[in-house]
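Notes follow the structure.
The values are calculated or read from the model by the stated rules, or taken from the named source; none is laboratory data. Predicted model, so just to flag it, every value in this text is computed and none were measured. For neighbour counting, all protein chains shown are included, and Cβ atoms are generated from backbone atoms with ideal geometry for every residue, glycine included.
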Amino acid sequence: MNNNYLFILALLALLACQGTTDQTGNAPDSAATVAEVGQPESSPNNFYCIPGVQAGNVKANSSEASLIALLGAENVVRDSVYIGEGYYEKGTTLFKGTPDEAQILWKDTVNYANPRNVMIRSAEAKPNQWLVDSGIVMGMTLKEVEKINGKPFKVAGFGWDYGGFVTDWQRGKLAGKNEVENLVIRFYYNIEDDKLGTIAEKVQGEGPFLSSHPAMQQLNPKVVEITIGFE
């Protein structure tokens, strides 16, 4: 089992064992920035994400109970959360069955408190209201993310359960401090498109592959998953 595989599994235990980091130094003031983008703090319409700090109304000290009080019981549901390789963990789903659905895994699994991470997923890369402070949104292309990062980054190859995840931002603008990532993104392409399937064969398997790889650039896959981690 090589180091890349081990790294991806560690990352895609969905930050379960992540260490501490401080991304607040370069982060804008959350209240001011949220107001600027029209998503007021502590409002049910807050979908603004600052990695390591918040995912909308989900903060480091949030609990399932506090979210129910704010968003209503119909929008906060205890659930089984898929984490890959056929495994599930107990967690909480926000806005279930809507484009804005997000799932929370907790550090305190008894009281469902103190989020470990918030996962926003869309198999078809359909747009939703979630917005990362860097400008990342669901459905954004690899080339667009590469431009935001300011340089190429590493992506796990396609064709396996953890395919398409960013494994290393290569010290770009999206990288966390101390090499700890509180922002994890997954890309995917339309597997029903035979032409894209032929191109994807060149970037299959664990990898990782640089986003600047010719096949990655040709595929230009879209963001289908955004995970916000908490230190």
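Scanning segment 142-157 for residues that are out of contact with any Pro (no Cβ under 7 Å at 6 or more places or on another chain) and either within 10 Å of Lys222 (Cα to Cα) or of a type outside the set (Gly, Ala, Ser) (or both) turns up Lys143, Glu144, Val145, Lys147, Ile148, Asn149, Lys151, Pro152, Phe153. Among the residues in segment 124-134, are any surrounded by fewer than 18 Cβ atoms within 10 Å (Cβ to Cβ), part of a loop (DSSP other than H, G, I, E, B) and either β-branched (Val, Ile, Thr) or in contact with a Phe, Trp or Tyr (Cβ under 6 Å, 6 or more places away or on another chain) (or both)? Yes: segment 124-134 contains one or more residues that are surrounded by fewer than 18 Cβ atoms within 10 Å (Cβ to Cβ), part of a loop (DSSP other than H, G, I, E, B) and either β-branched (Val, Ile, Thr) or in contact with a Phe, Trp or Tyr (Cβ under 6 Å, 6 or more places away or on another chain) (or both).
Scanning segment 85-123 for residues that are of a type in the set (Asp, Glu), surrounded by 15 or more Cβ atoms within 10 Å (Cβ to Cβ) and more than 20 Å from Leu70 (Cα to Cα) yields a total of 1. The residues listed here are Gly172, Gly197, Gly139; of these, the one that is surrounded by fewer than 20 Cβ atoms within 10 Å (Cβ to Cβ), in a helix (DSSP H, G or I) and either touching a Ser or Thr at 6+ places or on another chain (Cβ under 8 Å) or modelled with pLDDT under 95 (or both) is Gly197. Among the residues of segment 135-148, the ones that are closer than 21 Å to Arg121 by Cβ and free of Cβ contacts under 8 Å to residues at least 40 places away in the same chain come to 3 in all. Residue count for segment 209-231, restricted to those that are farther than 22 Å from Met138 by Cα and at pLDDT below 95: 1.
Sort through Gln170, Gln129 and tell me the only one that's more than 24 Å from Glu101 (Cα to Cα) and among the polar types (S, T, N, Q). None of the others qualify; the one that does is Gln170.
Being of a type outside the set (Gly, Ala, Ser) and touching a strand residue (DSSP E or B) at 6+ places or on another chain (Cβ under 6 Å) is the filter; apply it to segment 50-74 and report the residue that is surrounded by the fewest Cβ atoms within 10 Å (Cβ to Cβ). That would be Ile68. Can you say whether Gly176 is touching a strand residue (DSSP E or B) at 6+ places or on another chain (Cβ under 8 Å) and under 13 Å from Glu225 (Cα atoms), as far as the supplied structure shows? Judged against the criteria, Gly176 is not a match. Of the residues examined, Tyr82 is not one that is without any contact (Cβ under 8 Å) to a residue 40 or more places away in the chain, aromatic (Phe, Trp, Tyr), farther than 25 Å from Lys222 by Cβ and surrounded by fewer than 17 Cβ atoms within 10 Å (Cβ to Cβ).
The set of residues in segment 210-221 being closer than 24 Å to Met119 by Cβ and surrounded by fewer than 22 Cβ atoms within 10 Å (Cβ to Cβ) consists of Asn220 alone.
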